[in-house]
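Report on one structure; see the data block that follows.
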């Protein structure tokens with residue numbers, strides 16, 4: 001088996017045809033991990049023994065003819081998704097020794113399918129960052145160019161799949177944290193519709209934005225993994241019901257119509273985007289036109305405010321969500337005189353610089369006297385961004401942009417926080433509007449003699465992941 | 001907001017957030033925060049007169065019924081706590097008597 005080209009779909013075929021066993025497959029990945037992980041640092045922890053046990057169980061399922069789409073498929077889990085009894089640290093010192101008390105819903109679903117958990121993938125601390133440089137345990141490297149970042153925050157997940165250290169991975173995406181790393185490493189990354197995948201057992205960052213999704217080699221694989229983890233969950237109050245939402249298309253009786261029209265918000269793309277990326281993007285758009293898609297110029301007047309809105313709404317939610325890390329119930333606890341000192345010393349010692357910065361920023365935008373000008377205004381603009389998409393989707397089936405304004409950057413090149421935040425310019429609108437978006441490779445741009453992959457982002461209406469998969473597959477075909 | 005720069009008191013924010021921050025970091029943040037705020041303030045230019053509240057957003061509550069069996073999760077949750085006394089999480093004294 002050639003792990004550098006292997007897909008979930010092909011592995012499923014070979015496993016079911018008994019060309020190799022799930023244990024063979026898992027061992028092959030563990031071998032690559034042993035060689036490559038010391039350098040790439042995609043994993044914070046590798047679960048060799050349990051992975052082999054899970055693979056053996058998968059082989060039993062296959063022997064009994066009880067296999068499911070992910071039976072025996074070795075995957076990497078981002079370090080902010082809980083697996084009962086195992087450490088889940090969110091790449092933070094404050095949870096360095098925290099053992100998860102329960103399974104996330106996505107974990108349960110993968111266990112039922114007989115998937116194999118290879119290890120926990122590195123990330124920016126609490127999913128805050130675009131490079132894994134904010135991991136408390138050191139960054140991961142981009143397998144394509146080791147002097148460059150693998151993207152973030154799901155950078156361990158992207159590095160693991162790109163280096164053939166996992167067949168697929170789960171990540172989480174609050175403002176681009178699945179799509180940007182996918183773009184940087186030549187993978188497919190899907191941020192599902194807000195509420196499509198349960199977030200029960202995902203460590204909350206921005207609760208109105210977070211979604212779990214797959215990082216895979218192909219669009220087909222992204223669909224397989226998405227289908228396995230999606231669905232309503234009573235344990236997540238933001239989980240979408242299958243029916244009964246008048247404002248969203250019902251899943252019942254939904255018939256797939258081939259997408260025909262793709263909108264391009266060109267005036268939004270021009271500013272600050274790397275010229276080589278724009279060139280690749282226009283080339284990809286032309287290919288789609290040749291494949292029969294109608295390309296339409298669209299105006300989205302409020303979408304350019306997305307990044308500014310995001311950097312108000314998200315820190316506000318971060319400052320609230322991270323309140324729970326107080327040194328009392330779980331995680332790090334720094335002994336001190338009184339309870340207030342336990343709180344502040346634990347949090348001061350446990351959180352890294354970016355987490356601290358966002359907690360303070362969030363506390364500011366929510367504080368009395370400023371909440372109207374910042375938080376409430378941002379919420380109002382957010383609703384207009386959502387309207388922009390709703391109006392666009394009256395004329396087009398999907399919207400296309402580059403996933404990122406530039407290819408993978410070098411370590412240490414974005415020391416100014418704002419320079420890092422700009423990475424999210426094209427990815428945050430989908431999170432703010434709650435719509436699904438996918439990043440699919442659209443070739444490469446050359447930097448210092450290295451071909452660095454870049455992605456095209458396709459955005460679809462709520463619950464229309466099927467549109468993303470159809471266009472993604474056409475992009476791969478071209 | 002546009003004609004008047006907000007004064008950002010990092011020390012006060014750190015206090016409110018129950019976050020110990022070193023003097024060195026406070027000095028750094030005092031430089032960084034205004035530039036981040038200047039950037040996010042671009043939203044002040046947006047005309048929100050046409051904005052209507054997103055009607056799809058509502059609170060989702062489950063019925064207060066079918067509790068799980070008492071004690072089912074006690075051990076697993078307490079085992080994560082830094083300090084415990086029996087079946088309780090032990091915490092420092094919250095209210096102290098001032099001497100003066």
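Every read-out reported here was derived from the displayed coordinates using simple, explicitly stated rules and does not represent laboratory data. Because the structure is a prediction, the values reported are computed rather than measured. All Cβ positions, even for glycine, are placed from backbone atoms using ideal geometry, and neighbour counts span all protein chains on display.
Things to note:
- Calculated P(r) tail over 17 Å for the range B:1-45, as whole % of Cα pairs: 39
- The range A:325-412: proportion of alpha-carbon pairs further apart than 16 angstrom, %: 74
- DSSP assigns beta bridges within the protein assembly as shown; of those with both partners inside it, close to 70 percent run antiparallel.
- Gap separating the Cα centres of the range A:38-86 and the range A:356-414, nearest whole Å: 35
- If you wrap the protein assembly as shown in the convex hull of its Cα atoms and look at it from every side, the mean projected area works out to 28.7 nm².
- The relative contact order of the range A:72-200 comes to 24 percent, based on Cα pairs under 8 Å that sit 6 or more residues apart.
- The calculated FRET efficiency for the pair residue A:84 and residue B:62, based on their C-beta separation and a Förster distance of 25 Å, comes to about 0.65.
- Rel. contact order, % - alpha carbon contacts under 8 angstrom, at least six apart, chain B: 15
- Rounded, prolate or oblate (a/c below 1.5 giving rounded, otherwise prolate when a/b exceeds b/c) for the range A:92-172 by Cα gyration tensor: oblate
- For the pair residue A:207 and residue A:295 in one chain, pulling the backbone fully straight at 0.36 nm per residue adds 28.3 nm over the alpha carbon distance.
- Modelled label positions at residue A:336 and residue A:257, each set 7 Å beyond Cα in the direction of Cβ, lie 5.9 nm from each other.
- Sorted by Cβ neighbour density within 10 Å, fewest at the top, the residues A:128, B:61: B:61, A:128
- Shielding by partners - mean other protein chain Cβ count within 10 Å, residues of A:341-353: 4
- Alpha-carbon centroids, the range A:152-181 and the range A:100-117: separation in whole Å: 18
- Proxy reagent accessibility, fewest Cβ within 10 Å first, across A:310, A:305: A:305, A:310
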